[in-house]
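Undergrad: A single structure is presented below for examination.
The values are calculated or read from the model by the stated rules, or taken from the named source; none is laboratory data. As the structure is a computational prediction, the values presented were derived from the model and not from experiment. With ideal geometry, Cβ positions are generated from the backbone for all residues, glycine too; neighbour counts draw on all protein chains shown. These accessible areas exclude ligands, DNA and RNA; they are computed on the full protein's heavy atoms, side chains included. Shrake-Rupley method; radii C 1.70, N 1.55, O 1.52, S 1.80 Å.
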Amino acid sequence: MAAERRRREGGGLSALLLRMHEEGKDSIPEHPYLYETDVQISWVADSCKSPVERFWSGNSAMYILQKATHNEESNSMEESRTDDAVYASEVLPKESPGALALSVRRAKQLISLYTMVQNPNMTDLGISVVLPPLWARCDGSDPQHTYWIGAEPLKAGNKVPGLNIYMVSCDGPTADKTRFANLEELKMEHKIRHHSSVVTTKGFAQYELIATTAIEDTIAESGSKICVDITWNGVEKILETPPLASVATLNIALESGDPRSPVFQLYRELQFLLALAEGLKTGVTEWPEPSEAESALKLVQEFLTDLKKKLDGDDIFGNKNETEKIKCDTAAVDSCIKSIFGERGDLDFTEQLWCKMKSVSSYQELIDCLTLVIKSLERGEIQPWIHQGSSSFLSQLIQQSYHGQMEDVSLSDITPIQMLLEIGLEKLKKDYVSFFIGKSRSSLLFQDYFISTSVDLQEQVHRVQKLHHMLEILVSCTGLLQFRHENLFPLTQICMKYYKENPLNEKHVFQLPIRPALVKKFYQNDNPEVWKVEISSGHGQKEVKTTWQVSTSAPVELGTSDNSGFFSDSTVNGSSEERLYFITMTQCSQVQFT
């Protein structure tokens, strides 16, 4: 009877898994399926965030099994279910602590059924395809605090000669290092469990570099993060510092707009540019609050007056002190970054005008400012210099003024906004080009894509946003990590390649291979965010691994079963030097069918 019931349960599970597998080829099911009355099965694929990615890096498509949630909708659906499966009403996987976790006993039963389903010797179950891996979330109620159990088929063509079974346990957080494992004991346990005489070890450590720098507060509170991942072979002890011969990758995710950023003033200019672009598109412009002591109109009046006074000579823009005043007004950057992002000294008339008008606080003030400029041009009171190749409408008017013939301009509707947007766009483009070509020496990499005028204004603004994000990344790496040209050059290449092919995404993690020595001074005396050792034996499909890891955040969703004793405050005995770690162990065993 028990064997018959087990076969019936296995048949129901296999039918459901096959159905989900087929449907998952076309699209990811919006809702999970209900197996029997207590288990929900979700399909996780490329576009979904995997709940097991922090401790398993295998196949991207998988089944996730969790405890079923019951409500009126799912109960009503249950009444009409067929083939042992129905749609449940709640999308999974769900990341709420303690929820939807199966008992360890139930999870093992399901893994056992999955193993039977994949066994090619069980021909009566009718499985003829290799199913994706299956993971069951557990409540950690057993003595080992098991939070996940997984099963991954071993593939030999279209056949399954066996399975890898994974057990993931987690304790913590704790600062008590006496609870940390001993590496030699871990290696011996692995040898005994897998009957192996030789094992190899591989280390991994992740350090957060922003938190270890002298100017930590610059971007630490934003969604930004700069960390380094380091891997090496031949681990000698738990928590050892990675050797210089390791392989390191810098991971950079930066959000623009922190007021403490060295390029925040440029960011503010960009935000005003975006507001103008939005106004041009929607007809509604959100004018920023005045940020200058003097109004934009008064600044423009003074600017034009100075130009009129100096019209009697070639020195149109005055002496060096006046130029310096304009330069400082244009880009008031932090002193620590001036060496790599100096102010441009070649601002033409329209660029200086933008610097005065970026504080306009209303549509009427914008019209008043432009009216002053156009009248001065019409009367020949000023003969401003502009960059060659400048294509804004105001630049065209200036060129016409050289010949004493200017077309009539109606400052109404969207025309004033577009005129200001155009000169701001040209000014910011030159600012970014000045850095990427002049400072990061990336002239060979810089592509017309980012400054092209062949696309509409909205797309040009979008591409300038990309340039600013790249600038934030490069300035941060230069200021925080003291990067030089040999490192900035490949990083610029990586950023430009990504942004030529993708839309703006400040959540994207840019990765740069580096030498550990380049950043060692930032982490050598610091505690890692993650440190793990991987012990392995065997080769090919016979390879098995044991992974021991400590991390400052839980790599698994911890339940509420029996872990209250492991949780504590972020410091120990009032000391902020003691770092709390979660201890995670992933053990692998194999089931052979042939």
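Undergrad: When you go through Val235, Val160 one by one, which is the residue that is open to solvent by less than 70 Å² (accessible area, probe 1.4 Å), in contact with a Leu (Cβ under 9 Å, 6 or more places away or on another chain) and modelled with pLDDT of 95 or more?
TA: Val235
Undergrad: Could I ask something else about it? Out of all the residues in the stretch 545-558, is one or more modelled with pLDDT under 75 and surrounded by 12 or more Cβ atoms within 10 Å (Cβ to Cβ)?
TA: Let us first name the residues in the stretch 545-558 that are modelled with pLDDT under 75, namely 557-558.
With the extra rule that they be surrounded by 12 or more Cβ atoms within 10 Å (Cβ to Cβ), the set shrinks to 557-558.
Scanning the stretch 545-558 turns up at least one residue that is modelled with pLDDT under 75 and surrounded by 12 or more Cβ atoms within 10 Å (Cβ to Cβ).
Undergrad: Under 8 Å between Cβ atoms, at least 6 apart or on separate chains: pull out the pairs that start in the stretch 525-543 with a residue that is without any contact (Cβ under 8 Å) to a residue 24 or more places away in the chain and end on any residue that is surrounded by 14 or more Cβ atoms within 10 Å (Cβ to Cβ).
TA: Close Cβ pairs (under 8 Å, with a partner that is surrounded by 14 or more Cβ atoms within 10 Å (Cβ to Cβ)) amount to Glu543/Ser536; Glu543/Ser537.
Undergrad: Given the criteria over 25 Å from Ser50 (Cβ atoms), over 33 Å from the mean Cα position of the chain (by Cα) and touching a residue at least 12 places away in the same chain (Cβ under 8 Å), does Leu163 qualify? Working first, answer last.
TA: Details: over 25 Å from Ser50 (Cβ atoms): no; over 33 Å from the mean Cα position of the chain (by Cα): yes; touching a residue at least 12 places away in the same chain (Cβ under 8 Å): yes.
No, not satisfied.
Undergrad: Name the residues in the stretch 258-285 that are surrounded by fewer than 16 Cβ atoms within 10 Å (Cβ to Cβ) and outside any helix (DSSP H, G or I), would you?
TA: Listed by number, the residues that qualify are Pro259, Arg260, Gly283, Val284.
Undergrad: Does the stretch 130-141 include one or more residues that are buried (at least 17 other Cβ atoms within 10 Å of the Cβ), over 30 Å from Gly203 (Cβ atoms), at pLDDT 75 or above and in contact with a His (Cβ under 7 Å, 6 or more places away or on another chain)?
TA: Yes, some residue in the stretch 130-141 is buried (at least 17 other Cβ atoms within 10 Å of the Cβ), over 30 Å from Gly203 (Cβ atoms), at pLDDT 75 or above and in contact with a His (Cβ under 7 Å, 6 or more places away or on another chain).
Undergrad: How many residues are over 30 Å from Ala101 (Cα atoms) and of a type in the set (Val, Ile, Thr) if we restrict to the stretch 502-558?
TA: Summing the residues that are over 30 Å from Ala101 (Cα atoms) and of a type in the set (Val, Ile, Thr) in the stretch 502-558 gives 3.
Undergrad: Out of the residues in the stretch 508-541 that are in a loop (DSSP other than H, G, I, E, B), modelled with pLDDT of 90 or more and open to solvent by 60 Å² or more (accessible area, probe 1.4 Å), state the one that is farthest from Gly58 (Cα to Cα).
TA: Selected residue: Arg515.
Undergrad: Still on this model: Within the bounds of the stretch 311-325, is there any residue that is surrounded by fewer than 16 Cβ atoms within 10 Å (Cβ to Cβ) and either at pLDDT 95 or above or within 42 Å of the chain's Cα centre (by Cα) (or both)?
TA: The answer is yes, given that some residue of the stretch 311-325 is surrounded by fewer than 16 Cβ atoms within 10 Å (Cβ to Cβ) and either at pLDDT 95 or above or within 42 Å of the chain's Cα centre (by Cα) (or both).
Undergrad: Keeping to the stretch 359-403, report how many residues are out of contact with any helix residue (DSSP H, G or I) (no Cβ under 6 Å at 6 or more places or on another chain), open to solvent by less than 70 Å² (accessible area, probe 1.4 Å), part of a loop (DSSP other than H, G, I, E, B) and more than 16 Å from Ile423 (Cα to Cα).
TA: Looking only at that region, the number is 3.
Undergrad: Sticking with this structure for a sec: Consider the stretch 103-153. How many of its residues are assigned to a helix (DSSP H, G or I) and not acidic (Asp, Glu)?
TA: Within the stretch 103-153, the subset assigned to a helix (DSSP H, G or I) is 104-118, 123-125.
So of that shortlist, the ones also not acidic (Asp, Glu) come out as 104-118, 123, 125.
Of the residues in that region, 17 qualify.
Undergrad: Can you name the residue in the stretch 1-38 that is modelled with pLDDT of 85 or more and outside any helix (DSSP H, G or I) and, of all such residues, is surrounded by the most Cβ atoms within 10 Å (Cβ to Cβ)? Outline the logic, then answer.
TA: First, pick out the residues of the stretch 1-38 that are modelled with pLDDT of 85 or more: 12-20, 32-38.
If we keep only those that are outside any helix (DSSP H, G or I) too, we end up with 32-38.
Details: Pro32: 30, Tyr33: 25, Leu34: 24, Tyr35: 21, Glu36: 13, Thr37: 10, Asp38: 13.
Among residues in the stretch 1-38 that are modelled with pLDDT of 85 or more and outside any helix (DSSP H, G or I), the one surrounded by the most Cβ atoms within 10 Å (Cβ to Cβ) is Pro32.
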